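Enquirer: Can you read through this structure? Questions will come right after.
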Amino acid sequence: MKSNEQSALPTDVYLSFVSSLYSHRQTLLIGMLSHVVTFMLAFAKTVDFFYFGSAIAVALIWSVRTIGMRQFDRENLAALDDNGIRRWENRYNIGGVCTTFTLGIACGYSILVSRDAFAELACISVTLGSMVSLVGRNYGSARAVVIMSLAACGPIIVGLLGVMDGFMALLAILMAPFILTTWTMARGVRENLHKNVLAAREISTIAGRFDLALNNMPHGLFMLDADSRIQVANRRACELLNLGDQARLKDCHLDAVLRYGVRHTFLEQDQAKQVLRQLGQLVHGEQSRALIPFSDNLFLEFSANRRAEGGVVLIFEDVTARVRAEKKILQMVRFDTLTGLPNRDYFGELVGNALAEHRRGGQIGFMVLDVAEFKHVNDTRGHVVGDRLLCAISQRLKKLAGDAAIAARLMGDEFVLFFPDEANRRELEERMRAVHAQMRGAYEINGFTFNISMSAGYVIADSTDFRLEDMQIKADLALFESKSRDKGSCTAFEEQMDANYLDRQKLKADLREAVETGGLSAVYQPMFLADGSRIECCEALARWTHRERGPVAPTVFIQLAEEIGVVSDITRFMLRQACLDCLTWPKHIAVSVNLSVLDLHDGTIVSTVMDTLHGTGLDPSRLHLEVTESCLMEEAAKVQTILQELRARGITIAIDDFGTGYSSLSYLDALPLDLIKIDRSFVRNIREDARRFKLLRGTVNLSRELGLKIVIEGVETRDQLALINEYKCADLVQGYVFAAPMSSVSIESLSETLAKKIVAPKRRTRRTA
């Protein structure tokens, strides 16, 4: 049976241990001869043929074991698996046990039967002597030492006990520690050898991997000692420097090796001296990195790292391709590859040069132009046509700029103009507006005519106050104002724009802080049964009260949240707060939370919702999630899958503000919806506008045919409510006619008040009866 120790050995280690059993066979011969001689002496002394038979038995066993060892020599060891190795181990152990058992039987016989003092002493001495060598001979088998020790000592113990003498019995007992010590020694030898074998194998493996990695790395490498003699060189180093066989380089001085390599390159004598000088500086620590040209077709970059014990490691690589690419890049770096105009960086350099040439002062102008609706050109006519349109715009801009201004392309469809020196501010502004006006108009590209308008923002300043970064920021602010007011217009920078921009940036920072520190709060607008008798659900609404500005409108801070990317953080806050507050309300009241477009495009929204429900303990059936139609414009299939998964978890799905934006009745059938919230625009003036009311009733009837519950939002007057209830248009009503948004505590209080109003009439009815 396979032992636990043996099963833990790797096959190659196991084989090496078993092979050790079949080595050093001369010790077996010497042992056999000593055993035979001992038994023959005992036979001569006692004339007892048992000892003669024991001698013959030992000789026969040795002969059989010798034959087995020769068979082991002929065995294909590489093909053996664990089972095959174990068979050879067992075969060896059987032979060893037969020998030691024969010795033990002879000892027991001499003690119990022969009772000859010489025979006893001779047999026990040779047996215990064999036991001493048992450890060194049989450490390769975990079982051999134990089995052979028991086979040899067992009969001795039986013989000592059979004499029926107290002192002999004590000797028998003392045999047990002897067996245990022998086994412990063998185990210790085996464990140490096992560790050494594994360590040697690991070292060999690491060395092989290191050598493989070293010779397959794309860099050349020299490891030098403190005397600059090469200790290690890899194959790539020899290839790059034409040094031949790397084995010849060991212990060679670096100077001699490099001189040999230089003679086999295309370097002239002066170049060779320069290369050797630079490498000498690296070796001596005067430089840590150097780019060395060996020829026009070979550039090597060397780096040096000092070793703690002295010496240095030189690593170098062929950077010829990189050097060529850098030269090519240097030729292209100043100009935009598409339009041929200066790019942003070179534009800054040109502006600096122009300012240096005009030191006498004056007005300078900085103008940013943006092609309006350029994305539409790419989308409808393709990027090739779009690129050609940019080239045509660039050519016109370059022509209009002439020598009086510097034109450049910033990025995409944005261009910039710099007017370096004007004495008259009004004339400079007129020129800038004239350029903007002439940039607009028709462009003929590939048979298509494009009527292009351009938004522009500009700033005029004194040349002594000019800072490129500041001017660009101000021009961008003016451009932003142009886009906000009227696309295609041209706007001059005003100081108020800067203030507005800084104010908006501060508000963004305050909002981020409020989100991170829990500065937002939640209010709830109830959704009532159509008769107003009970609250069924409450919509959670985010509120932000700024510490200085007071309440900030949701339309303002939600847009800011989208710009700075914290909408999902607000959603997580609202989810958790709404679930916690809902737990304090009567169990029939649910809570509704809005999801944004970003939430539905985030793959973690399902886990976020479920983690919140699990963390707060709210039943999923009490949570409603509202999505707007705009959420379905992009990645509709992904959104549908997310909503289906949420609905499958027991959460109610509602479509909010239905009837606004890109309304489509197909959503009502395709999406996993439970509830439709009809926008307030359907309710406005429904008493006076019969057409609007018919549209409302049609939407309601269609939704009910699809099994959807109806919530009508924005009901503000009793007249609107009466008309809605008259035609049974709503399952739930949300609006100021019943309640404005309120705190969680107010929801609980209002619900209790409504419940009392229902209970009171019932009591009066009972008393009357």
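The values are calculated or read from the model by the stated rules, or taken from the named source; none is laboratory data. What you see is a predicted model; the values in this text were computed from it and never measured. Ideal geometry is used to build each Cβ from the backbone, glycine not excepted, and the neighbour counts take in all protein chains shown. When the accessible area is computed, the model is the full protein with side chains, heavy atoms only, and any ligands, DNA or RNA have been set aside. Shrake-Rupley method; radii C 1.70, N 1.55, O 1.52, S 1.80 Å.
Enquirer: If you check every pair at least six apart or on different chains, which have Cβ atoms under 8 Å apart with a residue in region 675-691 that is on the phi > 0 side of the Ramachandran plot and at pLDDT below 90 first and a residue that is open to solvent by less than 20 Å² (accessible area, probe 1.4 Å) and assigned to a strand (DSSP E or B) second?
Expert: none
Enquirer: Among the residues of region 158-172 satisfying the criterion of being in contact (Cβ under 8 Å) with a residue 40 or more places away in the chain, open to solvent by less than 40 Å² (accessible area, probe 1.4 Å) and part of a helix (DSSP H, G or I), which is farthest from Thr11 (Cα to Cα)?
Expert: Checking each candidate, the answer is Gly162.
Enquirer: Looking only at region 336-372, which residues are out of contact with any strand residue (DSSP E or B) (no Cβ under 6 Å at 6 or more places or on another chain), more than 19 Å from Asp476 (Cβ to Cβ) and not aliphatic (A, V, I, L, M)?
Expert: The answer is Thr337, Gly340, Tyr346, Glu349, Gly352, Asn353, Glu357, Arg359, Arg360, Gly361.
Enquirer: Here is a check on your reading of the model: is Leu502 open to solvent by 80 Å² or more (accessible area, probe 1.4 Å) and either at pLDDT below 85 or not in a loop (DSSP other than H, G, I, E, B) (or both)? Spell out how you get there, then give the answer.
Expert: Values: open to solvent by 80 Å² or more (accessible area, probe 1.4 Å): yes; either at pLDDT below 85 or not in a loop (DSSP other than H, G, I, E, B) (or both): yes.
It is true that Leu502 is open to solvent by 80 Å² or more (accessible area, probe 1.4 Å) and either at pLDDT below 85 or not in a loop (DSSP other than H, G, I, E, B) (or both).
Enquirer: For a quick check of your reading of the model, give me the residue pairs whose first member lies in region 112-131 and is open to solvent by 30 Å² or more (accessible area, probe 1.4 Å), whose second is among the basic types (Lys, Arg) and in a helix (DSSP H, G or I), with beta-carbon atoms closer than 6 Å and at least 6 apart or on different chains.
Expert: As it stands, the answer is Phe118/Lys45, since those pairs meet every condition given.
Enquirer: Of the conditions (1) in a helix (DSSP H, G or I); (2) free of Cβ contacts under 8 Å to residues at least 60 places away in the same chain; (3) buried (at least 16 other Cβ atoms within 10 Å of the Cβ); (4) under 40 Å from the mean Cα position of the chain (by Cα), Met175 clears all except one; give me its number.
Expert: Among (1) in a helix (DSSP H, G or I); (2) free of Cβ contacts under 8 Å to residues at least 60 places away in the same chain; (3) buried (at least 16 other Cβ atoms within 10 Å of the Cβ); (4) under 40 Å from the mean Cα position of the chain (by Cα), Met175 violates only (4).
Enquirer: Moving on to the next point. Within region 756-768, identify whether any single residue is open to solvent by 20 Å² or more (accessible area, probe 1.4 Å) and modelled with pLDDT of 90 or more, and answer yes or no. Break it down stepwise before answering.
Expert: Kept after step one, since they are open to solvent by 20 Å² or more (accessible area, probe 1.4 Å), are these residues of region 756-768: 756-768.
Next, from what is left, pick out any that are modelled with pLDDT of 90 or more: none.
The answer is no; no qualifying residue exists.
Enquirer: Report, by residue number, each residue of region 430-483 that is modelled with pLDDT of 85 or more, closer than 19 Å to Pro420 by Cα, within 48 Å of the chain's Cα centre (by Cα) and open to solvent by less than 40 Å² (accessible area, probe 1.4 Å).
Expert: Ala456, Gly457, Tyr458, Val459, Met471, Gln472, Ala475
Enquirer: For the subset of region 550-600 comprising residues that are without any contact (Cβ under 8 Å) to a residue 40 or more places away in the chain and either open to solvent by 70 Å² or more (accessible area, probe 1.4 Å) or touching a Pro at 6+ places or on another chain (Cβ under 8 Å) (or both), which member is farthest from Ser621 (Cα to Cα)?
Expert: Pro551
For every residue, the table says whether it meets (1) of a type outside the set (A, V, I, L, M); (2) open to solvent by less than 70 Å² (accessible area, probe 1.4 Å); (3) modelled with pLDDT under 75.
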{"site": "Met217", "(1), (2), (3)": "no, yes, no"}
{"site": "Asp225", "(1), (2), (3)": "yes, yes, no"}
{"site": "Ile230", "(1), (2), (3)": "no, yes, no"}
{"site": "Asp245", "(1), (2), (3)": "yes, no, no"}
{"site": "Leu258", "(1), (2), (3)": "no, yes, yes"}
{"site": "Val262", "(1), (2), (3)": "no, yes, yes"}
{"site": "Gln269", "(1), (2), (3)": "yes, no, yes"}
{"site": "Lys273", "(1), (2), (3)": "yes, no, yes"}
{"site": "Glu286", "(1), (2), (3)": "yes, no, no"}
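Enquirer: Val145: of a type in the set (Val, Ile, Thr), touching a Lys or Arg at 6+ places or on another chain (Cβ under 9 Å) and either closer than 30 Å to Val313 by Cβ or assigned to a helix (DSSP H, G or I) (or both), yes or no?
Expert: Working: of a type in the set (Val, Ile, Thr): yes; touching a Lys or Arg at 6+ places or on another chain (Cβ under 9 Å): yes; either closer than 30 Å to Val313 by Cβ or assigned to a helix (DSSP H, G or I) (or both): yes.
So Val145 passes the test.
Enquirer: When you check Val416 against the structure, is it more than 44 Å from the chain's Cα centre (by Cα) and outside any loop (DSSP other than H, G, I, E, B), yes or no? Spell out how you get there, then give the answer.
Expert: On the way: more than 44 Å from the chain's Cα centre (by Cα): no; outside any loop (DSSP other than H, G, I, E, B): yes.
No; evaluated as a whole, the condition is false for this residue.
Enquirer: Next up: Taking the conditions exactly as written (more than 22 Å from Val283 (Cα to Cα), at pLDDT below 75, of a type in the set (Lys, Arg) and surrounded by 10 or more Cβ atoms within 10 Å (Cβ to Cβ)), does Arg201 satisfy them or not?
Expert: Numbers: more than 22 Å from Val283 (Cα to Cα): yes; at pLDDT below 75: yes; of a type in the set (Lys, Arg): yes; surrounded by 10 or more Cβ atoms within 10 Å (Cβ to Cβ): yes.
Against the criterion (more than 22 Å from Val283 (Cα to Cα), at pLDDT below 75, of a type in the set (Lys, Arg) and surrounded by 10 or more Cβ atoms within 10 Å (Cβ to Cβ)), Arg201 qualifies.
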